[in-house]
Amino acid sequence: MTDTRNADDVLLEVKNLKKYYPVYKGLFKKVVGHVKAVDDVSLFVRRGETLGLVGESGCGKSTLGRCIVRLQPPTSGDIRYRDADGDMRSILSLGKKESFDMRKKIQIVFQDPYSSLNPVKTIYESFDEPLRVHGMGNKAQRKETIARLLEAVNLRPDYMYRYPHEFSGGQRQRICIARALCIRPELIVCDEPVSALDVSIQAQVLNLMKDLQRQMNLTYIFIAHDLSVVEYMSDRIAVMYLGQVVELASADSLYASPRHPYTEALLSAVPVPDLDRKKERIVLKGDVPSPIDPPKGCRFHPRCAKCQDICRVEEPKLRKVAGTEDHYVACHLVDTVPMAEEGTQP
């Protein structure tokens, strides 16, 4: 999907991305199927914004994030990134040197701060290695950079000589954020960065990330399952179900007027801090289907209370909702703009 209104602002574009994992069986490890973790996903991220990715566990959001930073090679599709000349280039077809340079621009913060840092290396060693590999300054300059980054995440510079086990979970995650920033990236994929932290610490880390985004003009892809956190952090939100994006809209539009039945069910589960306000909970029936053998037609139809005959046989495409500016949904029951008229390529 491309943004025709602000094409020059698009920093990253994902086109028809798929990531399948083979399923083996028998003595000779014959491939008998594939786990369709990410199945034909298209989206874009504008420079300086935060795109939230939400969905149930196993929906493919973390796999999508790992494909974007090239920790895992996609099965098919394309990932395009705007280079220094302003051109969109496929990062999957770059040569060795170009790929090495591109890795400086896209970084990732993982979910678990306890396993993200090498326990036998000091913080200084963990920071110094990427700086040294990318040729960013001499030893004194690298040390100054590390000290400045630790201060940026509200930690003392002398903490660089300590080991990871000497820090709390919140401190470790702030260290991981600082490490991701050390080679001056433009885009950071945040894979559930606060889900392993206490609620009181989550707020501190989220506010820190927003401050850093403003100061350094960062772009985030924020992956989470906590819808309240995603609403606070995101400018736009993509809702994923069983490897596909089923709804994509601005945070305000999505929370005020969800169009997909799955999004409605997710938002109905968000707690409301008001005892006098009663919220109708939408309880989904059944379990999430297997990504090895997803249902025909709409993948959500076995659990959808609004399911019609067309939902069982025809797979809906992600298309713009009629009468909206930037709201997309994959649902037969919503009035959408025909693809030829909407001016975008889902």
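What follows draws every value from the coordinates through simple rules; no lab data is involved. Fair warning: this is a prediction, and the values are worked out from it, not measured in the lab. Note: ideal-geometry Cβ built from the backbone for every residue, glycine included; neighbour counts use all protein chains shown.
So the values come out like this:
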{"item": "Positive dipole terminus of the stretch 116-184, leading residue within Ala152, Ile183, Ser126 (C-beta point charges)", "result": "Ile183"}
{"item": "Nearest-0.05 FRET efficiency for Arg132 and Lys317, computed from C-beta distance (R0 35 Å)", "result": "0.15"}
{"item": "Mean Cβ count within 10 Å, highest first, over the residues of peptides 173-186, 206-219", "result": "173-186, 206-219"}
{"item": "Mean projected area (nm²) of the alpha-carbon convex hull when the chain is viewed from all directions", "result": "20.9 nm²"}
{"item": "Distance between the stretch 26-105 and the stretch 211-249 - C-alpha centres, whole angstrom", "result": "16 Å"}
{"item": "Inter-part distance where the stretch 284-300 and the stretch 128-147 are each reduced to a Cα centre, Å", "result": "49 Å"}
{"item": "HN-Hα J in Hz across the stretch 290-304 - Karplus 6.51, -1.76, 1.60, θ = phi - 60°, x for Gly and Pro", "result": "6, x, 6, 9, x, x, 6, x, 6, 5, 8, 4, x, 10, 8"}
{"item": "For the stretch 54-59, 3J(HN,Hα) per residue [Karplus equation, 6.51 cos²θ - 1.76 cosθ + 1.60, θ = phi - 60°, Hz, x = Gly/Pro]", "result": "10, x, 5, 4, x, 7"}
